[in-house]
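Student: I have a structure I would like to understand better, so I am pasting it below and will then ask my questions one at a time.
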Amino acid sequence: AYKIGDVWTYLSGTETIDRIKRIASGLASLGVKAGDRVAIISENRPEWSLTDLAILSLRAVNVPIYTTQAVDQIRYILEDSGAKMLFVSGKKLLKHAEAAVQSVERIERLVFFDRDAKPENDNRAVSLADVEALGDTYESDSGQTFDELLAQVRSDDLATIIYTSGTTGEPKGVMLDHENFVSNVVAISTGLPIRSTDRSLAVLPLSHIFERTVFYVLCANGVSIHYCASFDQIASHLQEVKPTI
């Protein structure tokens, strides 16, 4: 669930899976393949998680970037990871990161969650809606299904490179594979009384390893997730959502 204005909007499990399939297929049509690094810089919102799972479905590697990261560190992370694609939430973050983005020639595509954020003067730029539209025709165009792509994922595939804050020098990339995440999901799910009837509020940044693991745990246990885009919304969201976990 996510809030538009004063209204909560809900995505069902089926809708969520369908969108992940379309995003993954769209990325595949744009040439994303196993081992490719794909970076995300965005506030907490459903598109962050949908894109994350789409990237992982292709055996590609998610490189999350903090929204508050310094511009020179954003540039360093993009270059050091070898990212070929960058997802950006909207105009505000593009303005913050633009100097870094424009200086990294390796980036082939910029994908914007907000359709109106796509700059007209950058031929690398597409919207997430554009990617999903490509995904609708991928199977017929390529002859390869999403399920066939998904079946190729291995437990020892690199899933993500998460960079340290950089307060003690250049950020350092921590490499985690699918099994690293799954072992934590299983252990937490076994150790805590999590029910499918629970409600949760996603507050910590999804670019942080803790919140990312929490998201996977909640998905694995069928818990509904309500996204909190900024800390100043926590008080009102707590009253409205009444999270049980």
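Student: Return the distance in nm (one decimal) between the two label points of a simple spin-label model at residue 152 and residue 165, each offset 7 Å from Cα along Cα→Cβ.
Tutor: 3.9
Student: Okay, next question. Separation between the residue 197 and residue 7 pseudo-spin-labels, each 7 Å from Cα along Cα→Cβ, expressed in nm?
Tutor: Roughly 2.9 nm, to one decimal.
Student: Something else about it: Given the whole protein assembly as supplied and a 1.4 Å probe, what does the accessible area of residue 108 come to in Å², nearest 10?
Tutor: Accessible surface of residue 108 is approximately 100 Å².
Student: If you take every residue apart from residue 205 with its C-beta less than 10 Å away from the C-beta of residue 205, what net charge results, scoring Lys and Arg +1 and Asp and Glu -1?
Tutor: Its environment carries a net charge of -1.
Student: Given N residues in the chain, what is its alpha carbon radius of gyration divided by 2.2 N^0.38 Å?
Tutor: Working it through for the chain, the quotient is 0.98.
Student: Averaged per residue, what accessible area in Å² does the chain show with a 1.4 Å probe, protein chains only?
Tutor: Ligands and nucleic acids excluded, the figure is 49 Å² per residue.
Student: Given the stretch 93-245, what percent of its DSSP beta bridges are antiparallel, to the nearest 5?
Tutor: 40
Student: Can you give the extra length, in nm with one decimal, that the chain gains between residue 16 and residue 70 once fully stretched, where that is 0.36 nm per residue apart less the Cα-Cα distance?
Tutor: Extra length from residue 16 to residue 70 when fully extended: 16.2 nm.
Student: For 10, 216, 2, what's the largest-to-smallest order of accessible area, 1.4 Å probe?
Tutor: 10, 2, 216
Student: Heavy atoms of the protein only, probe of 1.4 Å, neighbouring chains included. What is the accessible area of residue 244 in Å², nearest 10?
Tutor: Its heavy atoms expose roughly 80 Å² to the probe.
Student: 7 Å from Cα along Cα→Cβ at both residue 235 and residue 92: what's the point-to-point distance in nm?
Tutor: About 1.9 nm, to one decimal.
Student: Over the chain, calculate the relative contact order: mean separation of alpha carbon pairs under 8 Å at least 6 apart, over the residue count, as a percent.
Tutor: Rounded, it is 21 percent for the chain.
Student: Something else now. In square angstrom, rounded to the nearest 10, how much accessible surface does residue 199 have for a 1.4 Å probe?
Tutor: 90
Student: Protein chains only, probe 1.4 Å: how do 167, 145, 51 rank by accessible area, largest first?
Tutor: Accessible-area ranking of 167, 145, 51, largest first: 167, 145, 51.
Student: Pull out the extension gain between residue 136 and residue 99, defined as 0.36 nm times the separation in residues minus the alpha carbon to alpha carbon distance; nm, one decimal.
Tutor: Roughly 10.0 nm would be gained on extension.
The values are calculated or read from the model by the stated rules, or taken from the named source; none is laboratory data. Everything numeric in this text was worked out from a predicted model, so none of it was measured. Every residue, glycine as well, gets a Cβ built from its backbone with ideal geometry; the counts of neighbours run over all protein chains shown. When the accessible area is computed, the model is the full protein with side chains, heavy atoms only, and any ligands, DNA or RNA have been set aside. Shrake-Rupley method; radii C 1.70, N 1.55, O 1.52, S 1.80 Å.
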